[in-house]
Every structure is written in structure tokens, then in C-alpha cells.
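Written out below as C-alpha cells is the structure these notes cover.
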Amino acid sequence: MSSAIRIQQVVQEAATPPATLDAQFLAKANHRLALVSAVFAGGVAALVLASLLLYGPLGWEAPHHLTHFLLTQTLLLALSLAMALVAWRRVLSPSGTLRAGLVYQVTGALVISICAFQGNMLLQPVMVKLSWLAVWILLFPLFVPVPPARALLTSLACATTAPLVFFTWSLSEGQALPALPVVVETFLPYYVCAALAVAPAWLVYDLGVSASAARETARRLGSYRLVELLGKGGMGEVWRAEHALLKRPAAIKLVSPPKDLEESSEASRQETLDSFELEAQVTACLSSPHTVSLYDYGVTGEGTFYYAMELLDGFDLEALVERFGPLSPARAIYLLRQACESLGEAHRAGLVHRDIKPANLMACRVGDRVDFVKVLDFGLVRRVATSSLSAKESEVLEPDGSYLVGTPAFMAPELIRKPEGVDGRADVYALGCVAYWLVTGRLVFEQPTMFGMLADHLHVAPDPPSSKTESTIPADLEELIMDCLEKDPYRRPQSMSEFVWRLDRLRGLNTWTDERAQLWWCARVGSAGDRPTELDNDTSRSLTPDARVVAGAITKTLHRARREEQKGALALQRR
């Protein structure tokens with residue numbers, strides 16, 4: 001019992017937002033500090049220029065302390081510009097920039113004190129008047145949010161610069177000190193200002209902590225904390241997240257409910273939630289390593305559905321082709337075979353994906369393996385009507401046919417005509433469209449409108465892939481792709497198992513291996529944990545000479561292997 005209580009306490013502690021400023025608030029504070037420093041520098045520059053103009057060309061009589069004044073103001077201008085540059089260019093971390101702002105506050109106060117309390121400006125009338133140092137002490141905490149105790153210490157340091165400068169100059173120059181009442185009357189107000197500055201400092205910091213805590217609470221979904229927005233689309237958003245206790249990274253997909261659901265009855269809403277729950281449960285039962293793992297799911301207080309999935313490191317196949325061009329037939333076959341394994345298990349479980357497209361297939365780095373395919377978005381599957389379904393499952397999972405589900409460029413004809421009657425062969429058609437994209441970099445049908453594309457899928461025979469690319473596509477592979485794109489489901493491969501069987505029969509094309517995949521990733525991506533980037537000229541120049549030699553050798557090996565593969569495919573086609 002005590003262990004359970006302890007675990008509950010740990011979970012509650014992990015879910016409680018810390019009383020600190022988050023990155024978003026710190027970034028905004030840095031922006032304000034840069035803006036205020038720049039504005040202050042502009043004001044000081046205007047004051048210096050006005051003094052030079054008035055006491056120069058206009059012929060006003062210059063006061064005896066003008067040189068002293070201009071030197072200190074020029075120093076303050078340089079300090080302000082330096083602070084604005086550091087904050088604007090993000091030279092330091094956000095918290096480091098705020099610490100630099102405190103240093104700027106004290107240094108600026110020292111320069112102001114030198115201007116007001118050193119040299120010939122130290123006249124009795126000046127002693128009994130407040131200088132701009134009081135304004136500096138009171139206003140600065142509004143722009144640099146720090147804990148109240150730290151703000152008090154900094155403000156006291158600023159107030160101390162006035163008597164420090166005064167007594168240092170007086171002792172060094174052998175000047176007689178004024179009467180004690182004059183000293184107290186002159187410098188005590190600055191310490192009062194330092195004490196009063198705690199109020200705005202506490203207010204700004206407390207508001208920042210409250211706003212940060214509110215954002216942190218809003219970013220928590222169950223046991224997960226949202227860290228960074230990775231992408232946004234029509235159906236919702238994808239975030240990088242972290243488990244509160246395990247610190248395991250994850251991807252959270254937020255699926256916004258349809259607008260008509262928000263206005264529907266409670267019964268309709270509950271039916272949709274039941275459907276969401278059942279779909280998540282059957283997805284979690286899929287065990288293929290090529291299916292993205294589902295960790296958790298739920299519904300937020302605003303009615304947004306969310307999935308917690310494994311965080312993948314790699315490219316989706318849409319981005320892969322867009323960045324690096326069409327794939328070799330061997331590599332396309334290598335990737336398609338893995339996708340078939342995931343979809344085959346789903347089909348045997350009575351699930352149809354219905355949204356297979358390059359963006360939902362990822363070539364990932366998993367452990368020591370690369371080019372490891374993961375099939376995404378299984379949270380949107382539908383069950384095929386089978387006798388194994390319970391009455392509740394059949395009722396909840398049966399679509400109403402009132403809207404299209406899928407992506408027009410990859411939709412099977414039967415999914416357009418009668419979406420409630422589709423089976424696994426709709427995914428075969430979509431995977432054929434994906435294969436077409438991989439080897440050509442082009443869509444099967446390219447129309448400016450969605451309806452035109454849907455009409456082509458229904459009525460127009462597709463052009464062979466070889467007509468849309470200059471690369472050689474073996475006849476056997478082209479025949480398989482065209483068979484997958486048949487309008488009649490009965491003329492396509494009838495299952496993913498048959499799809500794999502036909503891929504394995506493509507002679508001389510199953511030549512993409514784990515070793516070749518490792519070479520490709522090393523040349524273009526880098527080591528584990530690096531973000532996927534092309535090895536362009538700028539990157540190549542930044543490498544060490546030895547690294548450039550290795551990268552160049554790997555790239556040449558890949559190009560040579562690609563040429564040999566194309567020659568072999570061409571010879572096979574001629575036979």
C-alpha cells in the first residue's frame with residue numbers, strides 16, 4: 001500500500017509544473033530587453049547629438065562639465081548597444097541573457113553615477129536633487145524578470161554606485177565631504193527606490209511564473225508533456241513529447257474533432273469517442289515492428305483526441321523523394337516490402353488503413369538499422385465487416401458514408417464510390433500509388449483540383465511509370481505497379497502476401513541491402529541523433545579533411561552501385 005501511495009505522489013509531483021519561467025516567457029523577456037536597450041541607446045545618442053549641435057554650430061555657451069558629460073554618455077551608449085546586440089543575436093542562452101541584463105543594469109547605474117556624482121558636476125545644488133539613477137532603478141525590473149530577492153540585491157547594488165562614486169572621487173581628490181544631513185538626503189532616496197523596485201520585480205516575475213505554469217499545464221496530456229511542435233496539418237498537430245516519469249521521448253498527435261461533432265448531440269459525441277477508443281485499442285494490438293507503436297491515447301478537456309506514439313528519426317517517403325529524387329527500383333522494393341508486412345498484419349486483423357500515402361510511411365533509423373519502414377496513422381483505420389466483430393464494434397466502427405476518408409492522390413476507386421465496403425485491396429491500390437511515386441517522383445494522376453483527381457482515379461487509365469521518368473524501370477516492376485492500379489479490385493494483387501510474393505519474384509532487383517542503406521545514410525544523414533540533412537557543399541566544406549575523404553568515398557560507392565544496378569536492370573529488360 002505504501003508503495004502505491006509513493007508512486008501516486010511521484011506522479012503528482014511530476015505533473016506539477018515547476019515554479020520557474022518557461023522558454024517562451026524567457027524568449028519574450030529577451031526580446032523586450034533587446035528592444036529597451038536599443039531604444040535607450042537611441043535616446044542617449046539623440047542627447048549626445050543634441051548637445052554637440054547646441055554647443056557647437058549653434059554657438060550656445062558650453063558648460064564646464066560638457067566633456068565629462070559626453071564621455072559618460074558615450075560609454076552608456078556603447079553599453080546599451082552591446083546589450084541590445086547580445087540579446088538580439090541570441091549570443092547567450094535566454095537565462096544567460098537575462099543575467100547579462102542584470103550586469104548591464106549595474107554597469108549602467110555606475111555610468112550614470114559617474115556622470116552625476118564625479119568631478120566638477122559635484123555642486124551643492126546637484127547634491128540635493130535626484131538624478132536619472134532613480135528612474136533607472138525603478139524601471140529596469142519591468143524588463144528583466146528575475147526573482148524578487150535577486151532584483152532587490154541588484155537594485156541595492158545600483159543605488160550603492162552613487163555614494164561609491166562620490167566618496168571615491170572625494171577621497172582621491174582630497175575634497176571636503178559635505179555635511180552628514182546633505183549626504184543622507186542625497187543618497188537615501190536611491191535606496192528607497194531600490195526597495196520600491198521590488199514591487200514591480202515581484203509582479204513581473206509572478207506573472208511570468210503563472211503564465212509559464214499555465215502553459216506547462218496546457219502542454220500535459222496524461223503522463224506526457226508537450227515539448228516542441230513538429231508539424232501541423234488539416235487534421236491537427238504533431239508534437240514531440242516526453243513522459244513525465246520515464247523521460248521517454250514520444251510523438252503526440254492531436255486530432256481535432258470535426259466541426260459537426262462540436263455541435264452534435266451528446267449521444268453522437270459519445271459514439272465518436274467510443275469509435276476513437278476502439279480504434280486505438282485495436283491499433284495497440286498490432287505487433288509488427290513496421291507499425292508505429294502506440295503508447296497511450298485520450299481526449300483533452302476541449303474534446304481534442306490525442307495519440308502518444310513512438311518518436312521516429314528519419315524521413316517520410318514524401319520528403320525522401322522530394323529532397324533526394326526518385327529511388328532506385330531496388331530500394332523502392334526494399335521499402336515497399338516492409339510496408340506490406342505491417343499492412344498484411346492489419347488486414348488479417350480485419351483492419352483497413354484507408355490513408356496509405358508517402359507521408360504516412362517513414363524510412364527510419366531504429367537501433368542500428370536504417371531504411372526501417374514504419375507505417376503511421378493507424379489511428380484512422382476502419383474494420384472490415386467480419387463475423388468476429390462484436391455488435392458494439394460493428395455499430396461503432398461502421399462509417400456512415402457521408403464523407404470521404406483518405407488522400408485524393410492515393411484513393412482507390414471503391415474508396416471514392418462506396419467507402420463503407422472497402423477491404424485490404426484498397427490499401428494495395430494506395431501502395432501501388434506510393435510505388436509509382438517512389439520510382440518516378442510523380443503522382444499517378446496530376447490534376448489541379450481534388451475532384452479532377454478523384455475523377456481520374458475512377459475513370460482514367462494511368463500512364464506507365466516509365467513514361468514519367470528518364471530512369472530505367474524494369475518491366476516486371478512496372479507490370480506489378482500497373483496491376484496494383486487496376487480499377488477493378490479483383491484484378492489487383494488480392495492481399496499483401498501476394499504483393500510480397502510478387503516483389504520477391506522480381507529477378508535481379510532485390511539488391512538493396514542493409515549495408516547499402518547504411519552507406520546511403522552515412523553519406524547524407526550522419527550519425528544517430530543527427531537531424532536528417534543532405535551532404536551539400538557547405539556541409540562538406542565544414543568537415544575535416546579525413547571526414548571529407550570518407551564522405552566522398554561513400555558517395556562514389558553509392559553512385560557506382562546505382563549505375564551498376566541500372567545497367568543490370570536495363571540488361572534484364574532487354575532479355
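Throughout, read-outs are computed from the coordinates displayed, never taken from laboratory work. Since the model is a prediction, treat every value here as computed from it, not as a measurement. Note: ideal-geometry Cβ built from the backbone for every residue, glycine included; neighbour counts use all protein chains shown.
The simple spin-label model puts a point 7 Å past each Cα toward its Cβ; for residue 469 and residue 417 those points are separated by 3.0 nm.
Computed from the C-beta positions of residue 99 and residue 488, the FRET efficiency with R₀ = 41 Å rounds to 0.05. With each label modelled as a point 7 angstrom along the Cα→C-beta vector, the residue 449-residue 504 pair spans 4.6 nm. Each peptide in 137-148, 88-99 receives the mean, over its residues, of other Cβ atoms within 10 Å, and ordering these scores from highest gives 137-148, 88-99.
Computed from the C-beta positions of residue 78 and residue 188, the FRET efficiency with R₀ = 22 Å rounds to 0.10. Counting 0.36 nm for each residue step from residue 138 to residue 173 and taking away their Cα separation leaves a gain of 9.5 nm. Whole-Hz Karplus values for the stretch 39-46 come out as 5, 5, 4, x, x, 5, 4, 5 Hz, taken residue by residue from phi with 6.51 cos²θ - 1.76 cosθ + 1.60 and θ = phi - 60°; glycine and proline positions read x. Taking label points 7 Å from Cα along the Cα-to-Cβ direction, residue 85 and residue 232 give a separation of 3.5 nm.
All other residues whose Cβ lies under 14 angstrom from that of residue 492 are scored, Lys and Arg at +1 and Asp and Glu at -1, for a net of -4.
Taking 24 Å as the limit for the C-alpha separation, the pairs 374/487; 232/418; 253/374 exceed it in the case of 374/487; 232/418. Computed from the C-beta positions of residue 55 and residue 203 and an R0 of 60 Å, the FRET efficiency is 0.90 to the nearest 0.05. Listed values for the stretch 331-339 are Karplus-derived 3J(HN,Hα) couplings in whole Hz (6.51 cos²θ - 1.76 cosθ + 1.60, θ = phi - 60°), namely 5, 4, 4, 4, 6, 4, 4, 5, 4, and x replaces Gly and Pro. Full extension of the chain segment joining residue 322 with residue 459 gains 46.5 nm, where the gain is 0.36 nm per residue of separation less the Cα-Cα distance. With θ taken as phi - 60° and the Karplus curve 6.51 cos²θ - 1.76 cosθ + 1.60 applied, the whole-hertz 3J(HN,Hα) list for the stretch 132-139 is 5, 4, 5, 5, 4, 5, 6, 8 Hz, x standing for glycine and proline. Per-residue packing, averaged as other Cβ atoms within 10 Å, sorts the ranges 172-184, 486-498 into the order 486-498, 172-184, beginning with the highest.
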